[in-house]
Amino acid sequence: MEFPNQTVIQYVSCNVVDRRQLLANADIYRLLLEAWRKADHWLVGRHVVMPYHVHFFCAPVRVQVTPLKRWMEFWRAEITRRWPRAGDKPIWQKDFYDRQLRSGESYHQKWLYIVENPVKAGLVAHWEDWPYQGELNVLQWHEPA
């Protein structure tokens with residue numbers, strides 16, 4: 001059920017096939033950001049790129065929403081096409097996890113959870129030190145009137 005004037009922010013998590021540690025390096029991070037910019041039907045907000053998976057928030061650009069699955073297929077295909085090492089392919093698991101957030105509070109809580117992923121994995125001592133995270137677009141939560 002959709003409600004007029006309700007903010008649509010999706011939380012998405014997707015994995016690399018066989019949990020291979022392919023993603024957490026500067027070149028692949030740049031490639032991912034470029035693909036998200038090119039796939040402009042949804043805006044990517046806060047994100048954390050881990051060695052074998054990525055977490056991010058996204059929101060549709062238009063009221064006539066391109067289905068999330070189609071948008072995911074587009075940017076993952078773009079990355080695969082531009083991937084620097086052919087022997088790594090296929091890159092992405094077919095499925096992904098997504099959840100529409102219901103409130104600004106859930107958005108904030110989910111962000112606090114994912115930004116700690118590199119710390120929990122023992123990759124850095126403080127989340128601020130993880131170089132493969134950020135905010136591509138500011139996604140504002142607006143409570144329905």
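The values are calculated or read from the model by the stated rules, or taken from the named source; none is laboratory data. A quick note: this is a predicted structure, and the numbers were derived from the prediction, not measured. Backbone-built Cβ (ideal geometry, glycine too); neighbour counts: all protein chains shown.
Summed over the range 8-59, the residues that are among the aromatic types (Phe, Trp, Tyr) and over 17 Å from TYR132 (Cα atoms) give a count of 2. The numbered conditions (1) in a helix (DSSP H, G or I); (2) out of contact with any Leu (no Cβ under 6 Å at 6 or more places or on another chain); (3) crowded, with 17+ Cβ neighbours inside 10 Å are all true for LEU139 except (1). For the range 37-88, the set of residues classified as under 12 Å from the mean Cα position of the chain (by Cα), more than 25 Å from LEU112 (Cα to Cα) and in contact (Cβ under 8 Å) with a residue 60 or more places away in the chain consists of ARG76 only. Selection within the range 115-136: residues that are of a type in the set (A, V, I, L, M, F, W, C) and in a helix (DSSP H, G or I). The member of this set that is nearest to ALA35 (Cα to Cα) is VAL115.
Might you check whether a residue that is free of Cβ contacts under 8 Å to residues at least 60 places away in the same chain, among the hydroxyl-bearing types (Ser, Thr, Tyr) and either crowded, with 18+ Cβ neighbours inside 10 Å or more than 14 Å from LEU31 (Cβ to Cβ) (or both) occurs anywhere in the range 96-108? Looking for residues that are free of Cβ contacts under 8 Å to residues at least 60 places away in the same chain, among the hydroxyl-bearing types (Ser, Thr, Tyr) and either crowded, with 18+ Cβ neighbours inside 10 Å or more than 14 Å from LEU31 (Cβ to Cβ) (or both), one finds at least one in the range 96-108, hence yes. A Cβ distance below 9 Å, combined with a sequence gap of six or more or placement on separate chains, defines the contacts here; from the range 113-131, residues that are among the hydroxyl-bearing types (Ser, Thr, Tyr) reach residues that are surrounded by 11 or more Cβ atoms within 10 Å (Cβ to Cβ) in the pairs TYR113/HIS55. Residues that are charged (D, E, K, R) and in contact with a helix residue (DSSP H, G or I) (Cβ under 8 Å, 6 or more places away or on another chain) within the range 114-128 comprise just one, GLU116.
Once the range 1-32 is narrowed to residues that are assigned to a loop (DSSP other than H, G, I, E, B) and charged (D, E, K, R), the residue that is modelled with the lowest pLDDT is GLU2.
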